[in-house]
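Comments concern the structure below.
The values are calculated or read from the model by the stated rules, or taken from the named source; none is laboratory data. Please read all numbers here as calculations on a predicted model, not as lab measurements. In this analysis, Cβ positions are derived from the backbone assuming ideal geometry, glycine residues included, and neighbour counts consider all displayed protein chains.
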Amino acid sequence: MPLAAAILAFGAPAWAEGVQEPADYRMEEYKAPVPDTLKGAKVIGTKEAEALWREKKAVFFDVMPDTPKPANLPAGTIWKDKVREDIPDSIWLANVGYGAIPEETAQYFRKSLEAGTASDKSKPILFYCMTNCWMSWNAAKRAVEWGYSSVIWYPPGADGWERAGLPLEENRPYSTGD
Amino acid sequence: MRSNIFCKLRRSVAALLFAAAAGGVLVFAGPAAAQQSMAGSEKIWNALKGDVLGDRPILLDTGLIRIEAPKRAQDAALVPVDIYIDPAKAAGVKTVTMVIDVNPAPVAATFQLGRDSGVTHLATRVRVNDYSWLRVIAETDSGELHMSQTFVKASGGCSAPAVKNSKEALASMGQMKLRQFAPPKESMTKAQELQLMIRHPNNSGLQRDPLTQYFIPAHFVQNLSISQGDRLILSMEGGISISEDPNFRFDFAVHGTDDIQVEAVDTDGKVFTDKWPLDPTGL
């Protein structure tokens, strides 16, 4: 396969090579080329992700950010929530992939992980957002730090999944019921 | 640091060239792939237009109104927009609605033009959240809707952090400055140009506080009216998409010698007013 075609097929931009894994969380410019590695986690491509998904061997967490509707908009403001299409059966945890998150968001993330894994920290959990998105890198790193032992990072994200001809489904941000 | 960046840049350029040479074609599969497409933006608009304009026919590109914006914005939080109305038909235009399809609150502003205001050009700056059509729709006295649209490549404008820090912004909030420009020499009309600058953070509600990581509440100029004496030139109902430190430049027909008066009301109910004597020389 010619190299350009190979690059296209795997959804990884040519300039991504050489991005070094930082020691700490990514704090800004989340839409940018990502590294190939994440310490303490397994990094996989679409083929492996598809297998995990078909065999239901990992819990899929989408961490695409979302902006909640501001509370104080003038009456009559037309507001359209973003329609998120992601990998079917994913749990969408919006905004847990920022470099720093407020305590409420951390609580929400912890609770959601516990719910998704039935409090089994060895259960395989997979994180993604979109191609060239650091949010999933951050979120997966956070899960590793919280003691999850089988963390998987899928960098191509929902758009990489779609480019491979796999289905997407409309999702809503997960609620812990609080 | 700098040389490091250049080094990386050279390397990626080299990689691209190599890819091009090897494959015979240069294909970008980079960040652009996930952006909103023209068709995607159009789909959002089709689902939205009924809420904005009701179930009425929309006439596209009739020449009555025209929008201009850069094809690719340098700063998604400060995208310059120019709206032009055909001077021969301007008197029949009642309102101008500006829509940014992909913004979560897509109606950026609705401008009402005063009777005989003579406004034929209006420029301002907006936030654009993702690749999107920017649209302006003029409603005429007879109820016709005329639309013009332009596609802008920008992303992240609604959540981009403010340029000024919040303390600085609050200290100067509501201060206004008006510049007056004489009509261009070649102009046959008596239209004069005004540029109104209002200090206001115009927080969209989608920006995060870099220290606390919480979303900063929405706080923006909701209503603005600009008049000469008691004659309305134009008024605006604004939303989250008008950029920090709102700025409007427009022409208008001078009527008499009354002062230019401005009133702005923000979403906290704060009222800001100011006035300036008309300067017919524009100096």
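Name the residue, out of A:Ile91, A:Ile101, A:Ile44, that is more than 17 Å from A:Ile125 (Cβ to Cβ) and either facing chain B (nearest Cβ under 7 Å) or at pLDDT 95 or above (or both). Give the steps one after another, and end with the answer.
Values: A:Ile91 fails: more than 17 Å from A:Ile125 (Cβ to Cβ); A:Ile44 fails: more than 17 Å from A:Ile125 (Cβ to Cβ).
Matching residue, one of A:Ile91, A:Ile101, A:Ile44: A:Ile101.
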Could you tell me which numbered condition B:Trp45 fails, if it satisfies all but one of (1) at pLDDT below 95; (2) crowded, with 17+ Cβ neighbours inside 10 Å; (3) within 11 Å of another protein chain (Cβ to nearest Cβ)? (1)
Given (1) surrounded by 17 or more Cβ atoms within 10 Å (Cβ to Cβ); (2) within 30 Å of B:Val52 (Cβ to Cβ), A:Lys80 misses just (1)
Which of the residues belonging to the range A:80-107 are in contact with a Ser or Thr (Cβ under 9 Å, 6 or more places away or on another chain), touching a residue at least 24 places away in the same chain (Cβ under 8 Å) and part of a loop (DSSP other than H, G, I, E, B)? A:Leu93, A:Ala94, A:Asn95, A:Val96, A:Gly97, A:Tyr98
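Can you find a residue in the range B:195-211 that is in a loop (DSSP other than H, G, I, E, B), away from every other protein chain (no Cβ under 14 Å) and at pLDDT 95 or above? Before you say what the answer is, go through the steps one by one.
Step one: list which residues in the range B:195-211 are in a loop (DSSP other than H, G, I, E, B), which gives B:199-202, B:204-207, B:209-211.
Checking which are away from every other protein chain (no Cβ under 14 Å) leaves us with B:199-200.
Among the residues that remain, those that are also at pLDDT 95 or above are: B:199-200.
Yes, the conditions are met somewhere in the range B:195-211.
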If I ask for residues that are basic (Lys, Arg) and either free of Cβ contacts under 8 Å to residues at least 60 places away in the same chain or under 19 Å from A:Tyr174 (Cβ atoms) (or both), which ones from the range A:112-162 would you list? A:Lys121, A:Lys123, A:Arg142
Evaluation of A:Lys69 against (1) touching a Lys or Arg at 6+ places or on another chain (Cβ under 9 Å); (2) at the interface with chain B (Cβ under 8 Å from one of its Cβ atoms); (3) of a type in the set (D, E, K, R) (one fails), failing number: (1)
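Answer yes or no as to whether A:Glu55 is more than 18 Å from the chain's Cα centre (by Cα), farther than 25 Å from B:Ile44 by Cα, modelled with pLDDT of 95 or more and of a type outside the set (Gly, Ala, Ser). Full working, then the answer.
Numbers: more than 18 Å from the chain's Cα centre (by Cα): yes; farther than 25 Å from B:Ile44 by Cα: yes; modelled with pLDDT of 95 or more: yes; of a type outside the set (Gly, Ala, Ser): yes.
Taking the combined requirement at face value, the residue satisfies it.
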Which one is farthest from B:Pro70 (Cα to Cα) among residues in the range B:153-170 that are away from every other protein chain (no Cβ under 14 Å) and in a loop (DSSP other than H, G, I, E, B)? B:Asn165
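Return yes when B:Gly118 is touching a strand residue (DSSP E or B) at 6+ places or on another chain (Cβ under 6 Å) and more than 14 Å from chain A (Cβ to nearest Cβ) and no when it is not.
Values: touching a strand residue (DSSP E or B) at 6+ places or on another chain (Cβ under 6 Å): yes; more than 14 Å from chain A (Cβ to nearest Cβ): yes.
For B:Gly118, the condition - touching a strand residue (DSSP E or B) at 6+ places or on another chain (Cβ under 6 Å) and more than 14 Å from chain A (Cβ to nearest Cβ) - is met.
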